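Below you'll find the structure, written out as structure tokens, and then a few comments.
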């Protein structure tokens, strides 16, 4: 049975370094779930991998350390294990803050019971910046739900919401003017409640399921 592990590698910076690192992982049947270049400077680079391994991670560590470009290779806890699922909240600053109150309070309740749920916020204004940010959530690792908090959203933002929903992201909207509420999975009037429901929807320790709701506006 494979195990997902985190690998933090400090190596020389330059062309072909990533190719050498992934070659060692592939040679040991490792499946790379995610990779991030944490730091890349002329003096050196830090690369973080999350890898599904069918064998002991120590053999991969030894293989990486044997490369001449590698200065240090260590086994670390995965970001999934530390930070877990992510709730992303974006929109107007005041509404974002209120949604965060609900989400953080509810996440704390579930995290005490063994969950790992983190909450990220970004206050944004403007149709294009918000549309680009919505689309970018689908590229964020571990993002499970997006809450759109504002007074008016539509147009290109609505199109972006439909795109990310098609990719499996849960989208909750405040009950606002514009067409975004029509495109969201769930519409919630109270911002604090919206944050609470977003966490409940992704928590394994909750019995709340959006698909089982008989209505989608609250």
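The values are calculated or read from the model by the stated rules, or taken from the named source; none is laboratory data. Predicted, not measured: the structure shown is a model, and the values here were computed from it. With ideal geometry, Cβ positions are generated from the backbone for all residues, glycine too; neighbour counts draw on all protein chains shown.
Here are the numbers for this structure:
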item: The lone exception for residue 34 - which of (1) free of Cβ contacts under 8 Å to residues at least 12 places away in the same chain; (2) in contact with a strand residue (DSSP E or B) (Cβ under 6 Å, 6 or more places away or on another chain); (3) under 30 Å from residue 146 (Cα atoms) it fails; result: (1)
item: Residues that are assigned to a helix (DSSP H, G or I) and touching a strand residue (DSSP E or B) at 6+ places or on another chain (Cβ under 8 Å), drawn from the range 110-139; result: 110, 111, 130, 133, 134, 137
item: The range 185-197 - residue that is under 20 Å from the mean Cα position of the chain (by Cα) and within 12 Å of residue 149 (Cα to Cα) and, of those, surrounded by the fewest Cβ atoms within 10 Å (Cβ to Cβ); result: 194
item: For residue 29: the one exception among (1) touching a residue at least 40 places away in the same chain (Cβ under 8 Å); (2) more than 21 Å from residue 79 (Cβ to Cβ); result: (1)
item: Residue check for residue 41: surrounded by fewer than 13 Cβ atoms within 10 Å (Cβ to Cβ), over 21 Å from the mean Cα position of the chain (by Cα) and farther than 30 Å from residue 150 by Cβ; result: yes
item: Those strands (runs of 3 or more DSSP E) lying entirely in the range 44-106 with at least 2 residues touching a strand residue (DSSP E or B) at 6+ places or on another chain (Cβ under 8 Å) and modelled with pLDDT under 90; result: 44-53
